[in-house]
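Reviewing the structure listed below.
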Amino acid sequence: MSRILDPIRPYLWAAALALAGVAIWGAYSHGVSNERGRWEKAQDKEAAARAAQQKANDDESARRLTTQKEIAENAVQERDAARDAADAAALSGERLRQQVRNLTLSLAASGARTPASGEAAAASADLLAYVQQRLDESADGIARYADEASIAGRACEASYDALTNGPVGR
């Protein structure tokens, strides 16, 4: 029987080697396919986690933006209210200055015995009214500045607290 197989023996070896190569290639391809599937699942899971994190980040950004807008609107309303109050106080101060000026002039006019002393009294009354007016205007300006700085400071603090999710160390 060995004489019958002798002419085809090299082909049998080649067929056996080819069969072994095909088996090895099949096992390798199967392993690669399994690993590729596991890799794609891991990538899908990671992509879903990234998408969820991005959505959470977008939601937080939207919350912060909304809070910042509300804080800015409240600061504008406070500033406008403070300006209205300052304007009302300035009007009231102007009326008071006018009354003081009139009272001072009438007192100076009634107490004047000589024309020269009447003119001096009127001049000093005018000077007093002028100084008082300048002081009131300066006080109004300082009060306006203080109000606006206070409102801006509170708005800044509220914005910081909103961005850092609440007051720190309080």
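The values are calculated or read from the model by the stated rules, or taken from the named source; none is laboratory data. A quick note: this is a predicted structure, and the numbers were derived from the prediction, not measured. Please note: Cβ atoms are built from the backbone with ideal geometry, for glycine as well, and neighbour counts cover all protein chains shown. These area figures cover heavy atoms from the full protein model, side chains too; ligands, DNA and RNA do not enter into them. Shrake-Rupley method; radii C 1.70, N 1.55, O 1.52, S 1.80 Å.
Search the range 23-52 for residues being within 33 Å of the chain's Cα centre (by Cα) and open to solvent by 100 Å² or more (accessible area, probe 1.4 Å), and hand back the single one that is farthest from Ala152 (Cα to Cα). Taking the candidates together, the pick is Glu46. The residue that is farthest from the chain's Cα centre (by Cα), among those in the range 79-95 that are more than 18 Å from Ile142 (Cβ to Cβ) and surrounded by 11 or more Cβ atoms within 10 Å (Cβ to Cβ), is Ala81.
Being at pLDDT below 75, open to solvent by 70 Å² or more (accessible area, probe 1.4 Å) and part of a helix (DSSP H, G or I) narrows it down to one of Leu128, Leu107, so name that one.
Values: Leu128 fails: at pLDDT below 75.
Exactly one residue qualifies, and that residue is Leu107.
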